[in-house]
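Have a look at the structure below, then the notes.
Since every read-out is calculated from the coordinates, none of them should be taken as a lab result. Quantities reported herein were computed from a predicted structural model and do not represent experimental measurements. Glycine also receives a Cβ, built like all others from the backbone with ideal geometry; neighbour counts cover every protein chain displayed.
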Amino acid sequence: MIKRKSQSEITELLGEFPAVSILGPRQVGKTTLAEEIASTLTPDAIYLDLGSLADQAKLSDPEAYFELHKGKLIILDEIQRTPELFAVLRGVIDRRRRAGFRTCQFLILGSASLELLKQSSESLAGRIAYQELSGFNVLEIEDSTQADMESLWLRGGFPDSILSKSDAGSFRWRQNFIVTYLERDVPQFGSRIPAISLRRLWTMLAHTQGSQLNTAQLGASLGITIPTVKRYIELLEDLFLVRTLYPWSGNVGKRLVKTPKVYIRDSGLTHALLNINSLEDLLSHPVVGASWEGFVIENIISCLPQGATTWFYRTSAGAEIDLVIELNNQERYAIEVKRSSAPKVSKGFYLACEDIKATKRYVVYPGKEVFPFADDVIATPLHNLMKELSNVKKV
């Protein structure tokens, strides 16, 4: 079993808050992680799957059920199916606080962020902490004999995909995941979006991985309106399947682009949508550079401390930074992503670093050596930069 880096963070949060919510897409390992955490804290934790009719029936009178199991850690999975529970949880937590039970009461798992965050922040303000769980990242597999970085890039970070016995088996799992999400899961979130339309949009986003969003072009290709395109993308983002990266907007006296970039978050899903099922196919595919960029960016973001903000930077004159990270300790990272094992730095990157006054400047490439360029720019493997960022104190 590959240990998740967030396990210790979630355990720490449970020692500080009465409720902790783990957010992430379906099949990313939330339940496995929650049960592992619970097993280290208590012998009698209770797990309820709110997608199960039997477990829903147990909560026909939730206050009575929670009172019966007072003092136990209760795991509530798929809570977005029963948002009315949040109001109940507030009363239960407050009563327990008065009785002296202040922490480690509820571990809440959810697969859709927007509604869950809205409901929980309104009902449980000051009583709940949040932790997002994405697929396995490079640091998590570094000590594993079951996976390496290239297979993680090809297959993506979903546990069943990366741990499959073969590339073919992994590819089949991802294809089935996509179909299941579109036909079964999306409708459960109250969406009336036709599965075929969402599949076509998702595939188009894979073809344009990391490009600036052109809603007019997407709408024309799909035969839908611009507001509908935006609604589809917002849904995929809410389900943790795509990431919108916004342009840096500081005052640098330059004409900056204002259109965000969109990335499919899991590289394995990008490849499945494009029918790329082997490393050989990937390396010869036109999307290889954009896929690597998205993979690097998602891995970096997965290890950032709470409070970090991420952007990209681009001027109309061509100065560009793939990823800008701002930390509250005043550090500002400028990160360029290169697929070449002998990377070169463009003049535009140097200019952009000066524009934003970057304090740290890196080029991430697939090699193993760290070496300098001019003007304090350093070429580094992804693994090294992730280790540096994961050791930054919480900001």
Note to self: Pairs of alpha-carbon atoms within less than 8 angstrom and 6+ residues apart define the contacts here; what relative contact order does the chain have, in percent?
What the structure shows: 13
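For 347, 360, which order do you get if you count the other beta carbons within 10 Å of each Cβ and list the fewest first? The partial results should precede the final answer.
Values: 347 9, 360 18.
Neighbour counts put them in this order, fewest first: 347, 360.
Could you compute how fast segment 256-332 diffuses translationally, taking Rh as the Kirkwood radius over C-alpha pairs and applying Stokes-Einstein at 20 °C with viscosity 1.002 mPa s? Give it in µm² per second. Could the numbers behind the result be given before it?
On the way: Rh = 14.3 Å.
Here the translational diffusion coefficient equals 150 µm²/s.
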Next item on the list: Using amide H atoms built 1.01 Å from N in the peptide plane, name the residues 5+ places from residue 133, or on other chains, whose amide H lies under 5 Å from its own.
Entry: 23, 24
Check: If you find the alpha carbon centre of segment 16-50 and of segment 335-379, how far apart are they in angstrom?
Finding: 40
Item checked: GNM result for the chain, Cα springs below 10 Å: residue of 342, 34, 308 fluctuating most strongly -> 342
Margin query: Can you compute the modelled spin-label distance between residue 176 and residue 2, with each label point 7 Å from Cα toward Cβ, in nm?
Written below: 1.9
Next item on the list: Name the residues whose placed amide hydrogens come within less than 5 Å of the amide hydrogen of residue 312, ignoring near sequence neighbours (fewer than 5 apart) on the same chain.
Entry: 246, 248, 324
Check: Amide H neighbours of residue 42 under 5 Å, counting only residues 5+ apart in sequence or on other chains, H built in-plane at 1.01 Å?
Finding: none
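What is the fewest-to-most order of 359, 32, 145 by other Cβ atoms lying within 10 Å of their Cβ?
On the way: 359 15, 32 12, 145 6.
Starting with the residue having the fewest Cβ neighbours, the order is 145, 32, 359.
Given N residues in the chain, what is its alpha carbon radius of gyration divided by 2.2 N^0.38 Å?
Details: Rg = 21.9 Å, N = 395, 2.2 N^0.38 = 21.3 Å.
With N residues counted in the chain, Rg over 2.2 N^0.38 Å equals 1.03.
Taking 0.36 nm per residue of separation and subtracting the Cα-Cα distance, what length does fully extending residue 53 through residue 168 add?
Separation in residues times 0.36 nm, less the Cα-Cα distance, equals 37.9 nm.
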